[in-house]
Amino acid sequence: MSDFNQPMGGNEMPRFGGPATMMRLPAQDTAEGLDVAFVGIPMDIGTSNRPGTRLGPRQIRDESRMLRPYNMATRAAPFDSLQVADIGDVPINTFNLLKSVEIITEFYDRILGHNCIPLTLGGEHTITLPILRAIAKRHGPVGLIHIDAHADVNDHMFGEPIAHGTPFRRAQEEGLLDAQRVVQIGLRGTGYSADDFDWCREQGFRVVTAEACWYRSLAPLMAEVREQMGDGPVYITFDIDGLDPSVAPGTGTVEMGGLTASQGLEIVRGAAGLNIVGGDLVEVSPPYDTSGNTALMGATLLYEMLCVLPGVMRRD
């Protein structure tokens, strides 16, 4: 009998039954004793277009019910080597974005105090800023693998400095990022000005537009990213709108011409071996996800993040 928590199997309980947790894992109130915690942030008060990401964590958990413990492609066996549980949702203040940002940072301070790696079910992309504030207190400035249709480096939105389009400008200004170890993958679409992505390049970020990814495997790109990230701490933030809306329509700010599902897997799997200190999957909006496919993509990508964390056993 393993000493590690296991997802509930489909032969113990029908996939449509059992606990409504990530992968039907055991639930607990805190990160105490865990190597990895799945945690939800049900928030959409920082969105600028279509709402609904407050319902994202619940739907991602529901669509995770088909995920099994062993990764047949990479041979990763995370539940043979790490203690993992679902610690529920951050109790945000639904009516106050800035207060919610404070609540999130305090919540993640406690997770990290248990030497636990958080994997977050979003929620919209505002949440990454307060998470990075907590991460930087423990690890210092981090490298960032950012998958997104948008750079999220607006100086303000409607005059507000914090919203889902501003987190990485604030993170850079606050010294939370190691700018020479930041890569943004999948950026595309229209801009407010011709130089929208140039601010990122001026900071030292590597910008890989969606067009540069078309019709090719991203495994060679990720080999370069691994070299760029080195041994330092790395955070992965995956906005589901980085994927093309043909495979992930259920999000608030869709842009055509995005990454394929297999390219999304290549990016996350390509982070194996890095010193990953946390990750998130954001911007799943169930009201626009009639088939559940977007939430399924999100759940699978979070599982793949789990599979590339330090200390994961492989069953070769």
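The values are calculated or read from the model by the stated rules, or taken from the named source; none is laboratory data. Everything quoted here is computed from the prediction, not taken from an experiment. Note that we place each Cβ from the backbone using ideal geometry, even for glycine, and neighbour counts take in every protein chain shown. Protein only, heavy atoms only, side chains kept; ligands, DNA and RNA dropped before computing areas. Shrake-Rupley method; radii C 1.70, N 1.55, O 1.52, S 1.80 Å.
Scanning region 65-96 for residues that are touching a strand residue (DSSP E or B) at 6+ places or on another chain (Cβ under 8 Å) and among the aliphatic types (A, V, I, L, M) turns up Ala76, Ala77, Leu82, Val84, Ala85, Ile87, Val90, Ile92.
In the set (1) within 19 Å of Met305 (Cβ to Cβ); (2) in a loop (DSSP other than H, G, I, E, B); (3) out of contact with any strand residue (DSSP E or B) (no Cβ under 8 Å at 6 or more places or on another chain), the condition left unmet by Thr47 is number (1). Could you tell me whether region 232-240 includes any residue that is over 14 Å from the mean Cα position of the chain (by Cα), at pLDDT 95 or above and either open to solvent by 50 Å² or more (accessible area, probe 1.4 Å) or β-branched (Val, Ile, Thr) (or both)? Checking region 232-240: not a single residue is over 14 Å from the mean Cα position of the chain (by Cα), at pLDDT 95 or above and either open to solvent by 50 Å² or more (accessible area, probe 1.4 Å) or β-branched (Val, Ile, Thr) (or both).
Could you tell me whether Arg110 is modelled with pLDDT of 95 or more, under 30 Å from Met313 (Cβ atoms) and not in a loop (DSSP other than H, G, I, E, B)? Considered against the rule, which asks whether it is modelled with pLDDT of 95 or more, under 30 Å from Met313 (Cβ atoms) and not in a loop (DSSP other than H, G, I, E, B), Arg110 comes out as yes.
Of the candidates Glu283, Glu266, the single residue that is more than 22 Å from Arg61 (Cα to Cα) and in contact (Cβ under 8 Å) with a residue 24 or more places away in the chain is Glu266.
Looking only at region 39-71, residues that are crowded, with 22+ Cβ neighbours inside 10 Å, of a type in the set (A, V, I, L, M, F, W, C) and closer than 19 Å to Met8 by Cα come to 2 in all. Every condition in (1) within 22 Å of Thr128 (Cα to Cα); (2) touching a residue at least 60 places away in the same chain (Cβ under 8 Å); (3) over 13 Å from the mean Cα position of the chain (by Cα) holds for Arg315 except the one numbered (1). Of the residues examined, Glu266 is not one that is of a type outside the set (A, V, I, L, M), over 23 Å from Ala136 (Cα atoms), in contact with a His (Cβ under 9 Å, 6 or more places away or on another chain) and open to solvent by 30 Å² or more (accessible area, probe 1.4 Å).
Checking Gly33, Gly56, Gly40 one by one, the residue that is touching a residue at least 24 places away in the same chain (Cβ under 8 Å) and in a strand (DSSP E or B) is Gly40 and no other. Filtering Leu129, Leu121 for residues that are crowded, with 24+ Cβ neighbours inside 10 Å, among the hydrophobic types (A, V, I, L, M, F, W, C) and in contact with a Phe, Trp or Tyr (Cβ under 7 Å, 6 or more places away or on another chain) leaves a single hit, Leu121. Quick check: is even one residue across region 241-264 in contact with a strand residue (DSSP E or B) (Cβ under 6 Å, 6 or more places away or on another chain) and within 19 Å of Gly40 (Cβ to Cβ)? No, region 241-264 has no match at all. Taking the stated definitions as given, is Arg206 closer than 21 Å to Gly257 by Cβ, open to solvent by 50 Å² or more (accessible area, probe 1.4 Å) and touching a strand residue (DSSP E or B) at 6+ places or on another chain (Cβ under 9 Å)? Here the answer is yes, as Arg206 does meet what is asked.
Being among the hydrophobic types (A, V, I, L, M, F, W, C), touching a helix residue (DSSP H, G or I) at 6+ places or on another chain (Cβ under 8 Å) and open to solvent by 10 Å² or more (accessible area, probe 1.4 Å) is true for just one of Ala248, Ala271, Ala261. Which residue is that? Spell out how you get there, then give the answer.
Working: Ala248 fails: open to solvent by 10 Å² or more (accessible area, probe 1.4 Å); Ala271 fails: open to solvent by 10 Å² or more (accessible area, probe 1.4 Å).
Answer to the selection: Ala261.
Among residues of region 217-229 that are over 17 Å from His146 (Cβ atoms), those with a beta-carbon under 8 Å from a residue that is of a type in the set (Asp, Glu) at least six positions away or on a different chain give the pairs Ser217/Glu266; Ala219/Glu266.
Contact annotation: residue pairs with Cβ atoms under 6 Å, 6 or more positions apart or on different chains, pairing a residue in region 62-78 that is under 17 Å from Val36 (Cβ atoms) with a partner that is surrounded by fewer than 16 Cβ atoms within 10 Å (Cβ to Cβ) and of a type in the set (D, E, K, R), are Ala76/Arg314; Ala77/Arg315. Of all the residues in region 92-118, those that are touching a residue at least 60 places away in the same chain (Cβ under 8 Å), open to solvent by 50 Å² or more (accessible area, probe 1.4 Å) and of a type in the set (A, V, I, L, M, F, W, C) number 1.
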